[in-house]
1. Counting only protein heavy atoms and using a 1.4 Å probe, what share of the accessible area of the stretch 1-50 belongs to carbon plus sulfur, as a whole percent?
2. Using the beta-carbon distance between ASP43 and GLU19 and R0 = 30 Å, what value does 1/(1 + (r/R0)^6) give for FRET efficiency, to the nearest 0.05?
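The values are calculated or read from the model by the stated rules, or taken from the named source; none is laboratory data. Small disclaimer: the values here were computed from a predicted structure and weren't measured. With ideal geometry, Cβ positions are generated from the backbone for all residues, glycine too; neighbour counts draw on all protein chains shown. We work out accessible area using only protein heavy atoms, side chains counted, and drop any ligands, DNA or RNA first. Shrake-Rupley method; radii C 1.70, N 1.55, O 1.52, S 1.80 Å.
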Amino acid sequence: MKQITLRLPDDLYEEVKREADQLGISIKDLILLMINSYCFSQDVPGLPPVFLSRVA
């Protein structure tokens with residue numbers, strides 16, 4: 001597995017954080033859901049399952 005760094009403008013970061021907090025998931029999990037949803041809508045073959053971690 002590879003790791004990337006994602007730099008977001010402050011206002012976008014706050015919006016993503018707020019959405020993740022409302023859903024009770026981490027920012028990382030929300031971004032993974034967004035990427036997975038996009039890939040699924042584009043019929044990306046071999047799409048791996050996404051497992052969410054719970055925010056304590």
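1. Roughly 57 percent, rounded to a whole number.
2. Details: r = 26 Å, r/R0 = 0.85.
It comes to 0.70.
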